[in-house]
2 protein chains.
Amino acid sequence: MATIKDVAAKAGVSIATVSRVLNRTGSCTTETKEKVLQAVEELGYRINLTAKSLKTGQTSVIGIALSGPYLLETPMIIRSALIVLQRQGFAVEVILDASMDTCVTLMKEGRLDGLLLIDMQRDEASLKRLIKTECRFVLLGGDTDREDVNLVQIDFFGGGYAATKHLISRGHREILFAEDNTQLPYTQEIKRGYLFALDENGIPYSEALLKGDSGDSLNKESIGYNSLNRLDIKTNASALLMTNDRIAQGALSAAREMRIKVPAELSVIGFGDHSQSDFSRPSLTSVKVPYAQQGELGAEILVNNIRRGDSIVKRVTLQTQLALRHTVTLHPRKVHGDRP
Amino acid sequence: MATIKDVAAKAGVSIATVSRVLNRTGSCTTETKEKVLQAVEELGYRINLTAKSLKTGQTSVIGIALSGPYLLETPMIIRSALIVLQRQGFAVEVILDASMDTCVTLMKEGRLDGLLLIDMQRDEASLKRLIKTECRFVLLGGDTDREDVNLVQIDFFGGGYAATKHLISRGHREILFAEDNTQLPYTQEIKRGYLFALDENGIPYSEALLKGDSGDSLNKESIGYNSLNRLDIKTNASALLMTNDRIAQGALSAAREMRIKVPAELSVIGFGDHSQSDFSRPSLTSVKVPYAQQGELGAEILVNNIRRGDSIVKRVTLQTQLALRHTVTLHPRKVHGDRP
DNA sequence: TTGAAAGCGCTAACAT
DNA sequence: ATGTTAGCGCTTTCAA
């Protein structure tokens, strides 16, 4: 591969001049500039980024660290962040199965300018270690108490609360809550919102109405399917709140199989921004989560931090929005008027 | 950040010794080894990968280049490749919206040891340019005529053929073909298989039964939904062949809305390995595509190429498999026996 | 077994 | 405006 020396030789100038022309730093005659550019063209030369990085201490590489092996858990966050980052001239490294300590190591290895941590498990000690590396990073989801780190989070509590309140306002009281992954903080937040809404309306909390999953499965539809299928009919749930649209779709399939009419006999609300929810029949009422915006914003904050070198900590909370579609209706007993 | 010098100073040895201990090359006393390791521990030292790369000429970074901006088009390929690569000790850079020439540039910049090109547009000239960089790469999908490049492809032609034949064997003759993205080679392959099967069975090809899409939409469900919804009823299609499971799901939704019974009045086959297909109701008959295996295999071939330095070209074609589920049945006219 | 030193390809400070 | 040169942090050859 051609190096800067080759270009310098071919153009009949020094390597410093080549560097200057290519980086548009300093000044030179149009003539030398032409010579250099032509030599570059002819040799098909490109600056060796490894060497450049070693010299400048900047790599223009940003890591996106995911806590699980699932690239697909939050595809929209990753996608939108990637697009912003790439447009801003950064290369993006994706790290699966990462922990805070993995991130510390990565930063010490010096190949990254910054990190986007997606839904990383919260851990005071290792977070402190990460901060000590003085690296730039932004937390996307996975809440922290610390006020001194960049964080773009989503108000899942509010989402769970709004969804539950909506169901309650439609007369539902036995609301089954099914979560896709009890490990992840966001489902816990949704559950908190759910429980809060129940409590606020004097509805007793029922253990039988909580369905959890270890979250090992890629097959979210099966989680939803099973959560309904295995459900003891005696619990008499008239509504379902699922922490994920795909789980909800699985539940809808199970309902169809069990000849339970949705929404006439069973109301369902999901979570997410899955485009498919619009086109399923009946279309799924769902809490819209601004994942794309979260990824974008996180990327922008990180880039500004790196580029401008500002150390201003940004903390943003994005709101969810209830998308009213066709899987929620009035409680059957209200419809039939058979209440005392 | 601590450098090798700091470690050497703290351990009271030379930097060469530190390097040797850390890379397990050469030999040394247990004593010096201990000293070095302790210094490393105390300083929290990690080898600077940028410097190492510059010296060795190896980066241990592999790029996964995608032709579109859609990380999700082929999530399973990416996921499985990423897992293999990471397990083998490589960092993985994801490049969106890449072309062959983007890849040439990337390789010249020297930050990558190799490339996985997913569904890259075929282009003789730029492929030649890429080969000239002498970089290691594997093509995943996106067929080429050249016999001298690594390629892991999927027999989509065979898949389209098998699916169509299956429908024909069930008495269907008016089979609507809807593709999600006319730009991508794989839909063309499926279409070829479809047309071949029709021809083989003396069924005339009908322009009205071909539905294409520019593929701009993220919303595959809407493509499927619209392909059926806009369909002139006079075409009288009794079966649908969709190049993607999500399109097929959209079509199923449209059918449900139009009160067309699936499969009684309309048979549907999709393509993919979407887990959700199993759990939709009726569960979707679909051509299983071994995307995960494709990603794994591609990654393994690339890693072997890099590690062992072998230049043995590997070309693999993976077969699809028809998953018989519940959206295909006999042609209605056959069922009702109203044929002449 | 260990250390000294060259050099990977580049940028930037300094000199001309 | 351009050239010379030090040095980024590391590996590796060579010498001791």
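The values are calculated or read from the model by the stated rules, or taken from the named source; none is laboratory data. Please read all numbers here as calculations on a predicted model, not as lab measurements. Every residue, glycine as well, gets a Cβ built from its backbone with ideal geometry; the counts of neighbours run over all protein chains shown.
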Residues that are in a helix (DSSP H, G or I) and more than 12 Å from DNA strand C (Cβ to nearest atom), drawn from the range A:9-20:
A:Lys10, A:Ala11
In this structure, does A:Glu34 turn out to be over 30 Å from A:Ile154 (Cα atoms), away from DNA strand D (no atom under 13 Å from the Cβ) and modelled with pLDDT of 95 or more?
no
When you look at B:Ala65, is it more than 10 Å from chain A (Cβ to nearest Cβ) and away from DNA strand C (no atom under 12 Å from the Cβ), yes or no?
yes
Got at least one residue in the range B:261-274 being modelled with pLDDT under 90 and surrounded by fewer than 20 Cβ atoms within 10 Å (Cβ to Cβ)?
yes
Residue in the range B:103-116 that is more than 14 Å from every other protein chain (Cβ to nearest Cβ) and either away from DNA strand C (no atom under 16 Å from the Cβ) or in a loop (DSSP other than H, G, I, E, B) (or both) present
yes
Just for the range A:21-31: of the residues that are outside any loop (DSSP other than H, G, I, E, B) and over 26 Å from B:Thr133 (Cβ atoms), which one is nearest to DNA strand D (Cβ to nearest atom)?
A:Glu31
Expected single match for within 23 Å of the chain's Cα centre (by Cα), of a type outside the set (Lys, Arg) and under 30 Å from A:Ile131 (Cα atoms) among B:Leu43, B:Leu37, B:Leu66, B:Leu85 is B:Leu85
All-but-one check, B:Asp6 against (1) in contact (Cβ under 8 Å) with a residue 40 or more places away in the chain; (2) within 11 Å of DNA strand D (Cβ to nearest atom); (3) closer than 18 Å to A:Val104 by Cβ, failing number (1)
Can you pull out every residue in the range B:118-155 that is part of a helix (DSSP H, G or I) and either assigned by TED's automatic domain parsing to the domain that holds B:Leu210 or surrounded by fewer than 20 Cβ atoms within 10 Å (Cβ to Cβ) (or both)?
B:Glu124, B:Ala125, B:Ser126, B:Lys128, B:Arg129, B:Ile131, B:Lys132
Within the range B:309-328, can one find any residue that is within 14 Å of chain A (Cβ to nearest Cβ), surrounded by fewer than 16 Cβ atoms within 10 Å (Cβ to Cβ) and basic (Lys, Arg)?
no
Name, by its number, the condition in (1) surrounded by fewer than 16 Cβ atoms within 10 Å (Cβ to Cβ); (2) within 11 Å of DNA strand D (Cβ to nearest atom); (3) in contact (Cβ under 8 Å) with a residue 12 or more places away in the chain that does not hold for B:Ala16.
(3)
In the range A:115-169, which residues are of a type in the set (Ser, Thr, Tyr) and touching a Lys or Arg at 6+ places or on another chain (Cβ under 7 Å)?
A:Thr133, A:Thr144
Of the residues in the range A:123-143, those that are more than 9 Å from chain B (Cβ to nearest Cβ), charged (D, E, K, R) and more than 15 Å from the chain's Cα centre (by Cα) number 4
Counted residues, the range A:156-180 - those being under 15 Å from the mean Cα position of the chain (by Cα) and part of a loop (DSSP other than H, G, I, E, B)
0
Count of residues meeting criterion [touching a Gly at 6+ places or on another chain (Cβ under 7 Å) and either not assigned by TED's automatic domain parsing to the domain that holds B:Arg307 or not in a loop (DSSP other than H, G, I, E, B) (or both)] in the range B:80-102
4
Residue among A:Asn236, A:Asn304 that alone is surrounded by fewer than 20 Cβ atoms within 10 Å (Cβ to Cβ) and outside the structural domain of A:Leu167 (by TED's automatic domain parsing)
A:Asn304
Surrounded by 17 or more Cβ atoms within 10 Å (Cβ to Cβ) and more than 16 Å from DNA strand D (Cβ to nearest atom): is that true of A:Met1 in this structure?
no
Count - residues of the range A:23-59 that are away from chain B (no Cβ under 11 Å) and within 6 Å of DNA strand C (Cβ to nearest atom):
2
Looking at this structure, is A:Glu42 in a helix (DSSP H, G or I) and either within 12 Å of DNA strand D (Cβ to nearest atom) or at pLDDT below 95 (or both)?
no
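Here is a yes/no grid of residues against (1) outside any helix (DSSP H, G or I); (2) without any contact (Cβ under 8 Å) to a residue 60 or more places away in the chain; (3) within 30 Å of B:Ala255 (Cβ to Cβ); (4) of a type outside the set (Val, Ile, Thr):
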residue	(1), (2), (3), (4)
A:Val268	yes, no, yes, no
A:Ser283	yes, yes, yes, yes
A:Val287	yes, no, yes, no
A:Gly298	no, no, no, yes
A:Asp310	yes, yes, no, yes
A:Leu322	yes, no, yes, yes
A:His326	yes, no, yes, yes
